[in-house]
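Engineer: I have a structure I would like to understand better, so I am pasting it below and will then ask my questions one at a time.
The values are calculated or read from the model by the stated rules, or taken from the named source; none is laboratory data. From a predicted model like this one, the values you see are computed outputs, not experimental measurements. Note that we place each Cβ from the backbone using ideal geometry, even for glycine, and neighbour counts take in every protein chain shown.
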Amino acid sequence: MRWGGSGGGNIEDRRGMGPAGAVGGVGAGGVILALIGYFVFGIDPSTTTSVLGGASQVQQQEGVRGAPADEAGRFVDVVSGNVDAVWTQVFAQSGQQYRPPESIVLYDRATGTGCGMGQSAMGPFYCPTDRKVYLDLTFWQDMETQLGARGEAARAYVIAHEIGHHVQNLSGAMEQSRRMGARGAESGAVRLELQADCYAGVWVHHASAVSNGQVVLEARDIEDGLRAAAAVGDDTLQRKSQGRVMPDAFTHGSSEQRMRWFRVGVQSGDPAACDTFRAARL
């Protein structure tokens, strides 16, 4: 993967800031964060929800806005800016206006969010309440050491997946998912995550064309993205964490499903092909 130049500048850098105080109970956003914990490390959603207890209302924080100076921050800025550029173009083709996330928040350890207290153990997540994506960049090392997902393209896949959730928030798919249930192989949660994987593939399809050379993806980068998708499949994470697969507890889909839907997006470049809510086969 090749990248460079300036990014979208939609970064809110909270690194080095301590978390704000939190009060209140767990809301719908807290449940979403609990599911994200399972997405990355196989954490049981009920465990993460208990951690979030007393944290649905938090003191909002504000980081430094603009383009970061360090390489890791610049990477997020350039990739997220490119993802937004792709969705701006895709929305325009259907006569709609795309509204980017409020910001991509970089933080470490913990931070206040509109969905409760965000923590590193949850991995990257999107909060629909404040429309922000949250990233603790130590996750890149965890991807390599704990999940075996290496390369910058694997990191870019994660960013595109989370912004895919923002697209779902704009389209109403996130609310549709909530009505269908949060766990199980056919649940709304699984359908939502597989669609976000497909949307990440849509970004890959268009990324190089809209970037003016700032982001260039090659065939081996697509393979890195596929490996990242496989690494975070429910079945793979369950085998690692508990030695067996429990489809009734799925929240994100199997490795095979995540790879397949990512590939659908890459090959079609069409978000309409990503309708996991009507698909006969997940």
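Engineer: Looking only at residues in segment 255-282 that are among the charged types (D, E, K, R), in a loop (DSSP other than H, G, I, E, B) and in contact (Cβ under 8 Å) with a residue 24 or more places away in the chain, which one is farthest from Ala209 (Cα to Cα)? Explain how you work it out, then say what you get.
Structural biologist: Going through segment 255-282, the residues among the charged types (D, E, K, R) turn out to be 256, 258, 260, 263, 270, 275, 278, 281.
Add one more test, that the residue is in a loop (DSSP other than H, G, I, E, B), and what stays is 270, 275, 278, 281.
From what is left, the residues that are in contact (Cβ under 8 Å) with a residue 24 or more places away in the chain are 270, 275.
Details: Asp270: 15, Asp275: 24 Å.
Out of the qualifying residues, it is Asp275.
Engineer: Taking Met259, is it loosely packed, with under 14 Cβ neighbours inside 10 Å and either farther than 17 Å from Ala189 by Cα or modelled with pLDDT of 90 or more (or both)? Step through it out loud before you land on a result.
Structural biologist: Working: loosely packed, with under 14 Cβ neighbours inside 10 Å: no; either farther than 17 Å from Ala189 by Cα or modelled with pLDDT of 90 or more (or both): yes.
Spelling it out, it is not the case that Met259 is loosely packed, with under 14 Cβ neighbours inside 10 Å and either farther than 17 Å from Ala189 by Cα or modelled with pLDDT of 90 or more (or both).
Engineer: Also: Answer with yes or no whether Glu71 is modelled with pLDDT of 90 or more, over 18 Å from Met1 (Cα atoms) and acidic (Asp, Glu).
Structural biologist: Details: modelled with pLDDT of 90 or more: yes; over 18 Å from Met1 (Cα atoms): no; acidic (Asp, Glu): yes.
No: the conditions fail for Glu71.
Engineer: Right, another one. Scan segment 125-170 for residues that are more than 20 Å from Val266 (Cβ to Cβ) and either without any contact (Cβ under 8 Å) to a residue 12 or more places away in the chain or in a loop (DSSP other than H, G, I, E, B) (or both) and jot them down. So that I can check it myself, show each step before the final result.
Structural biologist: So the first thing to find is which residues in segment 125-170 are more than 20 Å from Val266 (Cβ to Cβ), and the list is 125-142, 144-148, 169-170.
Those that are more than 20 Å from Val266 (Cβ to Cβ) and either without any contact (Cβ under 8 Å) to a residue 12 or more places away in the chain or in a loop (DSSP other than H, G, I, E, B) (or both): Pro128, Thr129, Asp130, Arg131, Leu137, Thr138, Gln141, Glu144, Thr145, Gly148.
Engineer: Which one of the conditions (1) crowded, with 21+ Cβ neighbours inside 10 Å; (2) part of a helix (DSSP H, G or I) does His252 fail to meet, given that it meets all the rest?
Structural biologist: For His252, the exception is condition (2).
Each row is one residue, and each column tells you yes or no for (1) within 18 Å of Asp84 (Cβ to Cβ); (2) buried (at least 24 other Cβ atoms within 10 Å of the Cβ); (3) more than 17 Å from the chain's Cα centre (by Cα); (4) at pLDDT 90 or above.
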| residue | (1), (2), (3), (4) |
| --- | --- |
| Cys115 | no, yes, no, no |
| Gly123 | no, yes, no, no |
| Leu147 | no, no, no, no |
| Gly164 | yes, yes, no, yes |
| Ser177 | no, no, no, no |
| Met180 | no, no, yes, no |
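Engineer: Name every residue in segment 75-98 that is assigned to a helix (DSSP H, G or I) and in contact with a Phe, Trp or Tyr (Cβ under 8 Å, 6 or more places away or on another chain), in order of residue number. Write out each step before concluding.
Structural biologist: First, pick out the residues of segment 75-98 that are assigned to a helix (DSSP H, G or I): 75-93.
The answer is Phe75, Val78, Val79, Asn82, Val83, Asp84, Val86, Trp87, Thr88, Val90, Phe91, Ala92.
Engineer: Okay, next question. So, in segment 204-242, of the ones that are among the small types (Gly, Ala, Ser) and over 17 Å from Leu194 (Cα atoms), which residue ends up surrounded by the most Cβ atoms within 10 Å (Cβ to Cβ)? Reasoning before the result, please.
Structural biologist: Here is the first cut: in segment 204-242, the ones among the small types (Gly, Ala, Ser) are 207-209, 211, 213, 219, 225, 228-231, 233, 241.
Checking which are over 17 Å from Leu194 (Cα atoms) leaves us with 207-209, 211, 213, 219, 241.
Details: Ala207: 23, Ser208: 17, Ala209: 12, Ser211: 21, Gly213: 10, Ala219: 6, Ser241: 13.
Ranking the qualifying residues of segment 204-242, first place goes to Ala207.
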